[in-house]
Each structure stands twice: as C-alpha cells, then as structure tokens.
Amino acid sequence: MLYLKQFPFRDIHLDFHTSDLIQDVGADFDPTQFARTLSEAHVSFICLFARYHHGYCYYPIKFGTTHPSLKRRDLLGEMINAVKAFNISPCVYTTVVWDELTSQLHPEWRQITPERKFIGGEQVG
C-alpha cells in the first residue's frame with residue numbers, strides 16, 4: 001500500500017476591490033501580521049491584487065494610477081515580501097479588460113458589441 005505524505009495547504013485568491021471612495025486603504029496594514037496569519041492558516045499560495053476593475057494599482061506605477069489613498073505606499077510589494085518571508089508563494093492578479101478608470105479617461109478604448117453599442121449600454125456615435 002502506498003502512503004502519501006499528508007500536509008496542510010491552502011491556496012487563496014485575495015479578492016480586493018477598493019474604489020477611490022474608500023479612504024485610508026492600507027493605512028493600518030501590517031505586512032508581517034498578514035503573512036503570519038496566512039502561515040498559521042497553512043496557506044501555501046496566494047494570489048494578490050496588483051490592479052483591479054476600478055482601474056487603480058496597489059503599487060507605485062509610472063503609467064497608470066496608484067490608488068489615491070495609498071499615499072506612496074507599495075501595498076503589493078509589502079505583501080509579496082512578507083508572504084515570501086513565511087515561505088508562501090505569491091502571484092499577482094491584474095485586470096485586463098474591465099477597467100472603469102481607463103474607460104472614463106479613454107472612452108475610445110472601450111469595447112463595443114457587433115451592434116455598435118458600448119459594453120455596458122449606450123450606442124456608439
């Protein structure tokens with residue numbers, strides 16, 4: 001009979017969407033406590049948000065927009081470094097299609113349906 005070594009593991013997708021209306025994002029964040037909590041829960045892999053459908057990033061960026069309440073904080077970088085210190089493998093999530101901020105700044109980049117309507121409603125020109 002073959003016995004496999006059993007070990008606890010958990011893979012987490014940290015779903016983290018915060019609009020620009022939410023103030024003080026990450027203000028009280030403690031990266032070490034975050035990673036320690038994950039480690040105590042036997043998390044072995046975590047997917048962290050880099051950029052999400054509101055269009056903001058959780059890290060300083062040259063081309064794009066960092067979440068306005070981060071005040072120069074690299075929340076993503078802090079999370080990555082902290083989880084690595086606890087032997088938790090990180091990956092990052094970024095939205096590719098749905099982006100409210102870019103849609104507002106560049107409406108000409110929005111997707112259109114075959115019926116010439118913007119995704120989400122109104123008719124194109």
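The values are calculated or read from the model by the stated rules, or taken from the named source; none is laboratory data. Quantities reported herein were computed from a predicted structural model and do not represent experimental measurements. Methodologically, a virtual Cβ is constructed for each residue, glycine included, from the backbone with ideal geometry; neighbour enumeration extends over all protein chains shown.
Annotation: of all residues in the range 106-115 being closer than 20 Å to HIS54 by Cα and in contact with a strand residue (DSSP E or B) (Cβ under 9 Å, 6 or more places away or on another chain), the one that is surrounded by the most Cβ atoms within 10 Å (Cβ to Cβ) is ARG110.
Note on the range 95-105: residues that are surrounded by fewer than 11 Cβ atoms within 10 Å (Cβ to Cβ) and at pLDDT 80 or above total 2.
Scanning the range 1-31 for residues that are in a strand (DSSP E or B) and either surrounded by 15 or more Cβ atoms within 10 Å (Cβ to Cβ) or at pLDDT 85 or above (or both) yields ASP11, ILE12, HIS13. When the test is whether a residue is crowded, with 18+ Cβ neighbours inside 10 Å and either touching a residue at least 24 places away in the same chain (Cβ under 8 Å) or at negative phi (or both), ARG73 passes it. Can you tell me which residues in the range 77-94 are under 12 Å from PHE34 (Cβ atoms), of a type in the set (A, V, I, L, M, F, W, C) and within 13 Å of the chain's Cα centre (by Cα)? Result: MET79, ILE80. Look at the range 33-46: where a residue is within 12 Å of ILE80 (Cα to Cα) and a partner is hydroxyl-bearing (Ser, Thr, Tyr), sitting 6+ places away or on another chain with Cβ atoms under 6 Å, you get PHE45/SER89.
Residue by residue, here is whether (1) touching a Leu at 6+ places or on another chain (Cβ under 6 Å); (2) among the polar types (S, T, N, Q); (3) assigned to a loop (DSSP other than H, G, I, E, B); (4) crowded, with 18+ Cβ neighbours inside 10 Å holds:
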| residue | (1), (2), (3), (4) |
| --- | --- |
| GLN33 | no, yes, no, no |
| PHE45 | no, no, no, no |
| HIS53 | no, no, yes, no |
| LYS62 | no, no, yes, no |
| PRO68 | no, no, yes, no |
| ASN87 | no, yes, yes, no |
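Kindly establish whether LYS84 is of a type in the set (D, E, K, R) and under 26 Å from ASP11 (Cβ atoms). Talk me through it step by step, then tell me what you get.
Values: of a type in the set (D, E, K, R): yes; under 26 Å from ASP11 (Cβ atoms): yes.
Yes; evaluated as a whole, the condition is true for this residue.
Taking the range 36-82 as the range and being small (Gly, Ala, Ser) and either modelled with pLDDT under 90 or touching a strand residue (DSSP E or B) at 6+ places or on another chain (Cβ under 7 Å) (or both) as the test, the residues that pass are ALA41, SER44, ALA50, GLY55, GLY64, SER69.
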